[in-house]
Every structure is written in C-alpha cells, then in structure tokens.
Amino acid sequence: MNCSISGEVPEEPVVSTKSGHVFERRLIERYVSDYGKCPVSGEPLTMDDVLPVKMGKIVKPRPLQAASIPGLLSIFQNEWDSLMLSNFALEQQLHTARQELSHALYQHDAACRVIARLKKERDEARSLLALAERQIPMTASSDIAVNAPALSNGRKASLDEEPGYAGKKMRPGISASIIAEITDCNLALSQQRKKRQIPSTLAPVEDLERFTQLSSYPLHKTGKPGITSLDICHSKDIIATGGIDTSAVLFDRSSGQIMSTLSGHSKKVTSVNFDAQGDLVLTGSADKTVRIWQGSEDGSYNCRHILKDHSAEVQAITVHATNNYFATASLDNTWCFYEFSTGLCLTQVEGASGSEGYTSAAFHPDGLILGTGTSNADVKIWDVKTQANVTTFSGHTGAITAISFSENGYFLATAAQDGVKLWDLRKLKNFRTFSAYDKDTGTNSVEFDHSGCYLGLAGSDIRVYQVASVKSEWNCVKTFPDLSGTGKVTCVKFGPDSKYIAVGSMDHNLRIFGLPSEDGAMES
C-alpha cells in the first residue's frame, strides 16, 4: 500500500472516501490546502473527505549490503575513506587560510606603519603651517600694527578689525601627543578619584542650613547692571565676575577689595573662567571674541591674546583638567578647542545642521568628554579625542542655560526653562528632575561643588541640594531668597570646601552667603 502522490509507503496513511486512493497525510493536507481537489481524480476534495487508515507499524527492510558481515565491512570502509578524504581537504583549506591570514597581517602591519608615518608628517606640517601663520606680518599698515593693543591668535590685532573671523581657518588638529596627554590625565585622575575621600574641612549640612547673606559688593556699573557669570579660584580665594557693562572684575574675597577690572570687550561678558593656579583668566563675550588675561606680580592682569575664531556670540568657556587647554562654545553652532600657551585654536567642531548654536559647555572631571548645551534644548556629549558626538540627551524645554558634571564623574546636571535634570552617565538616562519654579521662571545656573556633595541651582532664588545616589532622595538643604529685587539670579558658585556661596544677579552686586561667625557681622 503506497502513497498515490509520493509512491512510497506512507508513515501516516489516509484514504479518500471519494476516490478510494491512499495518501500520506501531510502530503494530501498540503495539496488540498493549495488546490482543493484530489491530485489523482481531480474531483473537489476537503480534509473532511479523508479518513485515517489503521495499520501496523511498517519496518523497512535492511539494504542488501547491510545483511551480511562482508557488506557491513564494505560500508564501514567506504565511510572511513570518505572521512579521511574530507579531513585531508579541511587540512588543505586550513593551510591555505593560514597563509592568507599571515599575508593579510603583514600587509596590515605595513599599512599601519605607513599611516603612522603619514600622520606624524601631517601633524608636523600643520604645526609648521600654524607657526608660519603666526609669524607672517599682517597686511595692514604699519601704524595700525604698532598701535594694536593686544594679540589675536599670536598676531597683532588691527584696531578696525571686526570681532570674529570671516571664513574658515585651517586648524592643526589635536595631535597624537595631546591625545596621549589627555589620556594620561584621565587615567591619573580616575585612579586618584577611587581613593579620594570627602575632605574633613568640608562644610557640613548643618552649617549650610545656617548660611545667610554675609556681604554684598557693588562690582559693576549701575548704568548697565547685571552679573552674567562668575568663577572662583579656590587656591587664592579670588572671585571673577563678568557683567553686562562689558567688563570683568577680579575680587579678593579675603580682603574685600577689587584686584583688577578687565576692560576691552565691546559687548557684555558672557563667561569668565580661571585656570587652576589663577594666573590666567578667560573671558568670553557677545562681541564674538575670547580674551586671555595674564596675571602679573603686582596683581594686575593684562590681555595676552584676543581669539576671534567664532562668528557669533561666545556663550561658554570651560578649562580642561590638564590646565593646558580650554574649550569655547558659541551661538555660531561650533565649539573650539584651544591651547593655553599659544592661544591657538587646535580644532573647531561644527554641530549638526539645523541646530541654533551652543549655549553652555563643561568638561568632564576626567577630561575625556565635553558636554555642550544647545539653544534647541538638547545636551550633546562629545569625545574630545575624536571630536565625535557620542550621545545626545533630550527632554528639556528651552535653551540649556548651564551644565555641570559631578566630581565623581557619574552625574550630569543640566538647567533650562523647565528646571534641572539629572542624568546618570553610566546608563545614559535621566533619573531625576527638579521643577523648582513655575513655567514662566527658568533655571539660569546649576553647579556641583568641588567635593560632589552639594548641588546649587539658581532662578528666582538660590537652592542647595544634598547630593545622593540615583535611587535615594536629593534633599533641599537651604533656599536663599533673591535679595537683588530683580527676580533673576544668573549664577551660583561654591567657595573652597563649600564654606561660602557666591551669587550673581541682574543687579551690579556680588553677594556672599555663609556662616555669620566666619566673616563677622552681616552687612545690610
């Protein structure tokens, strides 16, 4: 009894009640589902017209060769010969593959050597070209060159030169030696951070709860009030403020005296930063320029370089952990990486098309990544070595006004119109949001202290939070009212060991909050 379709003995036989033919069940089911008729007679057929046939288990007979010992030996010999031939072919293929791999590795090694040599020659050529550019005299008349007040990227700046450079310059790039320096700095800081403990001199939470305004210093002009940014040199306890009055002021907190007023920008100063030792001060301005100020022995600061690589307002400056480099961010949708010693722009990175520019920037404490905030509410994280945008955080409303990395390198705080968001850099996700103010009041500043234990934010008032873990609650330790009367606090910074908090507002006064017993009686 054979299947009418396959001609073989069926394993599960069925019979058609219409034609009487026997089929393999799986074959007739497929044929009926496709054609709906009997494959032999052509009559309409459904599976309801098919009945299973009960029969004993069919045992297929052994082949003739397997019925005797000589036949079995012949089968085994044939299988053994096939196995040996197959093994020989595989060994031949393995030998050929090894030869090809050895040849490919040799070619790869040679190519890597050639590429390394070409890169070295390219970096040397770029360095020589940059050096030549700085040494070539300007085409302006000699009397203007003589009277130029400062340096611009290593050259004399013409008095009638407009801020910002029209056209794109050739950049030498971040060389392999600089990348090695950044990498070594990252490794050293990462190892130190694992062993670092919270300093015993850090102000405890109980002290911060008792903070009050200690003093108020009118540092800027009353005609154009407003402090837009500030920074603190912890080693010297000097505070730098940038104002709408186009100047930056260096203030010695211990003596309560103004050390120096940095004048030269033609529009408001948007960002101020110290280097680690406090010998250099960086100022960025709405006039599209960045200035490097060099401190002298008598306490004054002189303009050493005027950097004119941006074509729109400079919004932020951040200093790298090596203290040899810094970055600037601008509304022209680019950020620049500079060398301190020469004032040379090593690379200028342009953001994606459609972006409206960068509004804030900060280096990670280890120096391998740079965070930038954009005017269209995105936070972009960049790999400094490759200048690649490695991730983007979205979710804010309005321009990113400030960003700050925690000292341990795990958290990133970002501020915008809708409040402050905290991001876990290990999992690249937002784990907490502080909506401190109403929808019409934005958050203008956010800052971790140097120990990573406190977080300060500023909007219509100043609030200090105690830093916790991702799952733990971040408690608000203290809220300070805005005593300027403007309703807009623009910047907040923690002093050394968080012993005091410096605050700038839209009036012309710098305010210091701390324990009354530290600085004596509180000023009215």
(message) Taking the condition of being surrounded by fewer than 22 Cβ atoms within 10 Å (Cβ to Cβ), more than 27 Å from LYS439 (Cβ to Cβ) and of a type in the set (A, V, I, L, M), how many residues in segment 369-404 meet it?
(response) 4
(message) When you scan segment 330-340, do you find a residue that is of a type outside the set (Ser, Thr, Tyr), open to solvent by 20 Å² or more (accessible area, probe 1.4 Å) and either modelled with pLDDT of 95 or more or closer than 22 Å to ALA312 by Cβ (or both), even just one?
(response) yes
(message) What are the pairs with Cβ atoms under 7 angstrom where one residue, in segment 255-266, is open to solvent by 40 Å² or more (accessible area, probe 1.4 Å) and the other, located anywhere, is of a type in the set (Val, Ile, Thr)? Sequence gap at least six, or different chains.
(response) ILE258/VAL249; MET259/ILE238; THR261/VAL249; SER266/THR246
(message) Given the options GLU350, GLU313, GLU297, GLU356, name the one that is among the charged types (D, E, K, R) and buried (at least 19 other Cβ atoms within 10 Å of the Cβ).
(response) GLU313
(request) For segment 487-508, name all the residues that are closer than 23 Å to SER360 by Cα, outside any loop (DSSP other than H, G, I, E, B) and out of contact with any Cys (no Cβ under 9 Å at 6 or more places or on another chain). (result) VAL489, THR490, CYS491, VAL492, LYS493, PHE494, ILE501
(message) Out of ARG30, ARG26, I need the residue that is in a helix (DSSP H, G or I), under 15 Å from ASN2 (Cα atoms) and either among the charged types (D, E, K, R) or open to solvent by less than 50 Å² (accessible area, probe 1.4 Å) (or both). Which one?
(response) ARG26
(message) Being aromatic (Phe, Trp, Tyr) and under 22 Å from ASP287 (Cβ atoms) is the requirement here; does TYR301 meet it?
(response) yes
(message) Checking GLN213 against (1) open to solvent by 50 Å² or more (accessible area, probe 1.4 Å); (2) touching a strand residue (DSSP E or B) at 6+ places or on another chain (Cβ under 8 Å), only one condition comes out false. Which one?
(response) (1)
(message) When you scan segment 193-205, do you find a residue that is in contact with a strand residue (DSSP E or B) (Cβ under 8 Å, 6 or more places away or on another chain), of a type outside the set (S, T, N, Q) and open to solvent by less than 20 Å² (accessible area, probe 1.4 Å), even just one?
(response) no
(request) Output the number of the condition that ILE198 fails; it satisfies all remaining conditions of (1) β-branched (Val, Ile, Thr); (2) at pLDDT below 70; (3) in a loop (DSSP other than H, G, I, E, B). (result) (2)
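Condition check ((1) without any contact (Cβ under 8 Å) to a residue 40 or more places away in the chain; (2) under 25 Å from SER375 (Cβ atoms)) across all residues:
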{"position": "THR289", "(1), (2)": "no, yes"}
{"position": "SER296", "(1), (2)": "yes, no"}
{"position": "ASN302", "(1), (2)": "yes, no"}
{"position": "ALA316", "(1), (2)": "no, yes"}
{"position": "THR322", "(1), (2)": "no, no"}
{"position": "PHE326", "(1), (2)": "no, yes"}
(message) Just checking, does segment 498-509 include any residue being within 30 Å of GLN277 (Cβ to Cβ), touching a residue at least 24 places away in the same chain (Cβ under 8 Å), in contact with a Pro (Cβ under 6 Å, 6 or more places away or on another chain) and open to solvent by 30 Å² or more (accessible area, probe 1.4 Å)?
(response) yes
(request) Return yes when SER445 is among the polar types (S, T, N, Q), surrounded by fewer than 17 Cβ atoms within 10 Å (Cβ to Cβ) and over 22 Å from GLY256 (Cβ atoms) and no when it is not. (result) no
(request) Report whether or not ALA468 is open to solvent by less than 40 Å² (accessible area, probe 1.4 Å), farther than 20 Å from VAL249 by Cβ, free of Cβ contacts under 8 Å to residues at least 12 places away in the same chain and not polar (S, T, N, Q). (result) yes
(message) Looking only at segment 239-254, count every residue that is in contact (Cβ under 8 Å) with a residue 24 or more places away in the chain, closer than 23 Å to LYS499 by Cβ and open to solvent by 10 Å² or more (accessible area, probe 1.4 Å) and tell me the total.
(response) 1
(request) Scan segment 62-83 and give yes if some residue there is modelled with pLDDT of 90 or more and under 60 Å from the mean Cα position of the chain (by Cα), otherwise no. (result) yes
(message) Condition first: in contact with a helix residue (DSSP H, G or I) (Cβ under 8 Å, 6 or more places away or on another chain) and either of a type in the set (A, V, I, L, M) or in a loop (DSSP other than H, G, I, E, B) (or both). Can you find one or more residues in segment 295-306 that meet it?
(response) no
(request) Any chance you could count how many residues in segment 271-286 are out of contact with any Asp or Glu (no Cβ under 6 Å at 6 or more places or on another chain) and either crowded, with 24+ Cβ neighbours inside 10 Å or in contact (Cβ under 8 Å) with a residue 24 or more places away in the chain (or both)? (result) 11
(request) Report yes if some residue within segment 424-438 is in contact with a Ser or Thr (Cβ under 6 Å, 6 or more places away or on another chain) and open to solvent by 10 Å² or more (accessible area, probe 1.4 Å); otherwise report no. (result) yes
(request) Considering only segment 472-484, state which residues are in a loop (DSSP other than H, G, I, E, B), without any contact (Cβ under 8 Å) to a residue 24 or more places away in the chain and under 27 Å from LEU425 (Cβ atoms). (result) SER472, GLU473, ASN475
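The values are calculated or read from the model by the stated rules, or taken from the named source; none is laboratory data. Just so we're clear, the structure is a prediction, and the values are computed from it rather than from any experiment. Cβ: placed from backbone, ideal geometry, glycine included. Neighbour counts: every protein chain shown. Only protein heavy atoms, including side chains, enter the accessible area calculation; ligands, DNA and RNA are left aside. Shrake-Rupley method; radii C 1.70, N 1.55, O 1.52, S 1.80 Å.
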